[in-house]
Amino acid sequence: MDKIAFLITRPEHDEATYYLSNWSESSIKLAELKGINVIDLHLNKANSKEVESRLNKLSPGFVVFNGHGDENTIFGHKDEPLITLGKNEKLLASKIVYSISCSSAKNLGPESVKAGAINYTGYDKDFFLVFEPEKFSRPLEDKTAKLFLSPSVLFVDSIIKGNKIKEAFDKSKNLMKDNFRLSLSVDTDSSRFLWWNIQNFKSHGDVEPSISHI
Amino acid sequence: MKEKFENKEIEEELKEIVIARLNTISPDKKISIGSVGNFRKEELIERIKKNDEIGKKIVELELAFLRAQKEGLVYNG
């Protein structure tokens with residue numbers, strides 16, 4: 001049996017992408033421990049040429065996009081478009097896709113599923129991240145950012161561990177709610193933004209498969 | 001004409017409420033809104049006053065959150 005492959009993009013050209021990239025490192029380590037072939041497109045490797053080539057040649061079953069987005073596009077390093085609706089969403093066929101980016105679950109998500117993606121999970125409006133600039137050099141110690149990013153890490157880790165998409169989605173959403181409730185007592189600055197992210201976290205396509213079914 | 005004036009007045013009042021709420025955010029925090037950028041609360045307040053796209057997004061978010069609180073949706077998940 002072929003080794004399962006997991007592709008992740010980690011641009012780092014601004015504060016938000018730097019946080020997303022750093023918070024993804026533990027998932028990469030977990031995948032390696034699980035014997036999964038990790039394709040880590042970090043920094044300037046998060047470009048359209050690399051993404052298209054790796055998706056075509058290695059056909060990873062699980063794809064995670066960290067970065068910016070809009071309703072029709074996922075962007076990579078320095079906001080280069082990686083996947084654009086009407087251009088190359090077919091590259092996501094037969095894949096479980098998770099995109100932590102603004103709005104891409106609005107149009108690109110459902111259209112990718114129509115083009116053959118197994119599932120596309122992400123956000124259908126803006127994704128908000130609140131952070132403490134003084135923690136910028138140690139993003140994993142930023143307790144404010146943790147409220148926003150730990151559910152994302154949980155989703156990815158759950159898929160890597162072989163959970164069904166539905167289980168991963170429910171676990172992640174429950175942690176978002178727990179973090180929201182926690183914020184009401186420890187960080188009310190973040191509450192409104194956490195609540196917004198919960199409302200806009202969406203999953204399109206089949207939610208029954210896990211990576212072991214691919 | 002009168003209705004239009006009243007709507008404008010309500011809109012301005014809502015903006016003032018949103019600004020007052022944003023003012024409670026710690027000056028030590030930054031808010032990242034996707035590819036649009038990262039903002040401190042003062043910058044968001046300026047955007048609301050200018051009524052630009054960022055300002056409108058923040059007003060939409062804050063009013064949706066207030067509405068959900070009023071309807072009891074926030075605490076019931």
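The values are calculated or read from the model by the stated rules, or taken from the named source; none is laboratory data. For clarity, every value in this text was computed on a predicted model and none was experimentally measured. Reconstructed Cβ throughout: ideal geometry from the backbone, glycine too, with neighbour counts over all protein chains shown. Protein only, heavy atoms only, side chains kept; ligands, DNA and RNA dropped before computing areas. Shrake-Rupley method; radii C 1.70, N 1.55, O 1.52, S 1.80 Å.
Scaled against 2.2 N^0.38 Å for its residue count N, the alpha carbon radius of gyration of the protein assembly as shown is 1.02.
To the nearest 100 Å², how much accessible surface do chains B and A cover up together, summed over both, with a 1.4 Å probe? Before the final figure, lay out each step's value.
Numbers: alone 5990 and 9850 Å², together 13510 Å².
That pair of chains buries around 2300 Å² in total.
Relative to the dominant Cα principal axis of chain A, helix A:188-199 is inclined by about 30°.
When only C-alpha pairs under 8 Å and at least 6 residues apart count, what is the relative contact order of chain A, in percent?
Working: 447 pairs, mean separation 40.0, N = 214.
Here the relative contact order equals 19 percent.
The portion of the accessible surface of region A:102-143 made up by carbon and sulfur, rounded to a whole percent, is 50 (1.4 Å probe; DNA, RNA and ligands excluded).
Taking 0.36 nm per residue of separation and subtracting the Cα-Cα distance, full extension of the segment from B:Glu9 to B:Asp52 would add 13.7 nm.
The simple spin-label model puts a point 7 Å past each Cα toward its Cβ; for A:Asp79 and A:Asn44 those points are separated by 1.9 nm. Can you give the angle from 0 to 90° between the axis of helix A:143-160 and the longest principal axis of chain A, with both taken from C-alpha atoms, to the nearest 10? Computed tilt is about 30 degrees. Accessible surface for region A:142-214, divided over its residues, is 40 Å² per residue with a 1.4 Å probe.
Evaluate the charge dipole of chain A about its Cα centre and quote only its size in Debye, nearest 20, assuming +1 on the Cβ of each Lys and Arg and -1 on the Cβ of each Asp and Glu.
Values: 28 positive and 29 negative charges, 118 e Å.
Magnitude of the dipole: close to 560 debye.
Neighbouring Cβ atoms from other chains, within 10 Å of the Cβ of residues in A:116-129, number 2 on average. Relative to the longest principal axis of the Cα atoms of chain A, the long axis of helix A:48-58 makes an angle of roughly 60 degrees. Rg ratio for region A:138-214: its Cα radius of gyration over 2.2 N^0.38 Å, N being its residue count, equals 1.18.
Classify region B:20-77 as rounded, prolate or oblate, taking a ≥ b ≥ c as the square roots of the eigenvalues of its Cα gyration tensor: rounded when a/c is under 1.5, otherwise prolate if a/b is larger than b/c and oblate if not. Prolate is the answer for region B:20-77, as a/c is 1.5 or above and a/b outweighs b/c.
Taking the Cα atoms of region A:63-214, the ratio Rg/Rh between the radius of gyration and the Kirkwood radius comes to 0.98. Only Lys, Arg, Asp and Glu carry charge here, each on its Cβ (+1 for the first two, -1 for the last two); on that basis chain B has a dipole of about 200 debye about its Cα centre.
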